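Report on one structure; see the data block that follows.
The values are calculated or read from the model by the stated rules, or taken from the named source; none is laboratory data. Treat the numbers as computed from the prediction; the structure is a model and nothing was measured. Cβ sites come from the backbone with ideal geometry, for glycine too, and all protein chains shown count toward neighbours.
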Amino acid sequence: MTTQEWKFTAKDIASKPDLFLSGHRACAGCGPAAALRLIMKATRGPTIVTQATGCMEIVGSIYPYSSWAVPWLHTAFENAAANASGIDAALKAMRKKGKVKQEHIDIIAIAGDGGTYDIGLQALSGAVERGHDFLFVLYDNEGYMNTGIQRSSSTPIGAATTTTPAGSVNPGKLEKKKPITEIMLAHEMEYVATATPYYWKDMMTKARKGLEVEGPAFLHVFAPCPRGWRSEPAKTMEYSKLSVESCVFPIWEAVNGKRQLSTPSKLIALAPQKKKPVKAYLEGQGRFRHLFTPQNQHVLDGIQLATDERWQRLLQKCESA
């Protein structure tokens with residue numbers, strides 16, 4: 001992978017026109033909306049966006065209005081990556097016929113966790129295996145928020161949703177969160193990365209790197225949802241930060257399979273005393289409030305243990321890279 005080190009600044013954000021415009025219908029404090037606005041400012045030129053059904057598709061395209069200032073296509077829940085494949089194939093065919101002159105027309109496929117972890121996984125896997133040139137952006141708010149806050153395979157263990165309600169029998173969702181980035185790494189992609197909107201420079205840099213890859217790239221963005229998480233809208237960025245500081249969602253990148261921690265997570269690895277307890281991240285989220293009771297203390301302890309174990313495994317993988 002050949003890419004220059006992009007160092008985005010606040011001036012870059014202020015000077016470049018928005019490509020995901022204000023005026024959309026997202027909820028107050030929406031993490032995905034903030035992430036997409038920044039990611040679109042990291043584009044390098046002509047760009048086509050294809051987007052699966054989901055929160056960000058709905059809020060940005062309520063007829064007759066659109067928040068997209070680039071060519072944009074809404075596709076079904078399950079096939080954003082398949083649509084990106086078709087766009088890539090069409091552009092290549094048109095270049096051969098001399099109908100397209102631009103050297104770079106970037107393709108971005110966007111989907112939430114439902115359209116990535118679950119419904120869209122088959123199309124994504126197929127598009128990556130075929131080697132199509134596009135950046136897939138997963139905005140992960142850990143549930144089917146647009147259709148009523150149902151659980152997805154991204155929903156973490158212990159979370160209460162409308163389909164995994166917390167009660168006297170079950171303390172929320174019983175299953176672990178699917179390791180989607182590990183699945184994408186197993187496809188031997190050139191570039192896979194995780195990011196959060198709080199660390200916006202890191203996120204924008206990774207988006208640009210993904211766009212510069214000749215082939216598929218995958219960017220997993222952890223994006224809090226106040227409505228689905230039952231959290232304060234003003235604390236979206238705080239939770240985005242705490243997810244990294246507690247190692248619930250470490251940020252890293254893998255180039256040709258070789259992983260390295262991004263600076264915020266690297267600092268925690270160098271100074272473990274800075275690592276915050278998972279409890280600090282879970283507090284204030286209504287979806288986890290049932291865990292802060294004596295009868296569910298074992299669930300809270302289990303989440304902390306599992307988080308610590310995942311963090312140690314990640315450190316080992318980074319050291320062996």
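Summary table
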{"read-out": "Residue match in the range 276-298 (condition: under 17 Å from PRO179 (Cβ atoms), among the aliphatic types (A, V, I, L, M) and in contact (Cβ under 8 Å) with a residue 12 or more places away in the chain)", "value": "no"}
{"read-out": "Qualifying residue in the range 251-263 (condition: more than 20 Å from the chain's Cα centre (by Cα), more than 18 Å from PRO197 (Cβ to Cβ) and β-branched (Val, Ile, Thr))", "value": "no"}
{"read-out": "Search result, residues across the range 266-302 that are within 21 Å of the chain's Cα centre (by Cα) and aliphatic (A, V, I, L, M)", "value": "VAL278, LEU282"}
{"read-out": "Sole residue being modelled with pLDDT of 95 or more and within 14 Å of GLY114 (Cβ to Cβ), chosen from THR163, THR181", "value": "THR163"}
{"read-out": "Counted residues, the range 97-118 - those being surrounded by fewer than 24 Cβ atoms within 10 Å (Cβ to Cβ) and in a helix (DSSP H, G or I)", "value": "2"}
{"read-out": "Flag if LYS209 is more than 30 Å from LYS92 (Cα to Cα), of a type in the set (Lys, Arg) and touching a residue at least 12 places away in the same chain (Cβ under 8 Å)", "value": "no"}
{"read-out": "All positions within the range 265-275 that are without any contact (Cβ under 8 Å) to a residue 12 or more places away in the chain and either among the small types (Gly, Ala, Ser) or touching an Asp or Glu at 6+ places or on another chain (Cβ under 7 Å) (or both)", "value": "ALA271"}
{"read-out": "Among residues of the range 240-264, those that are in a helix (DSSP H, G or I) and without any contact (Cβ under 8 Å) to a residue 60 or more places away in the chain, counted", "value": "5"}
{"read-out": "GLU190 surrounded by 14 or more Cβ atoms within 10 Å (Cβ to Cβ) and either out of contact with any strand residue (DSSP E or B) (no Cβ under 6 Å at 6 or more places or on another chain) or at pLDDT below 95 (or both)", "value": "yes"}
{"read-out": "Some residue of the range 74-88 being over 26 Å from PRO250 (Cα atoms), part of a loop (DSSP other than H, G, I, E, B), among the aromatic types (Phe, Trp, Tyr) and touching a Ser or Thr at 6+ places or on another chain (Cβ under 7 Å)", "value": "yes"}
{"read-out": "So GLY228, is it at pLDDT 95 or above, in a helix (DSSP H, G or I) and within 20 Å of HIS187 (Cα to Cα)", "value": "no"}
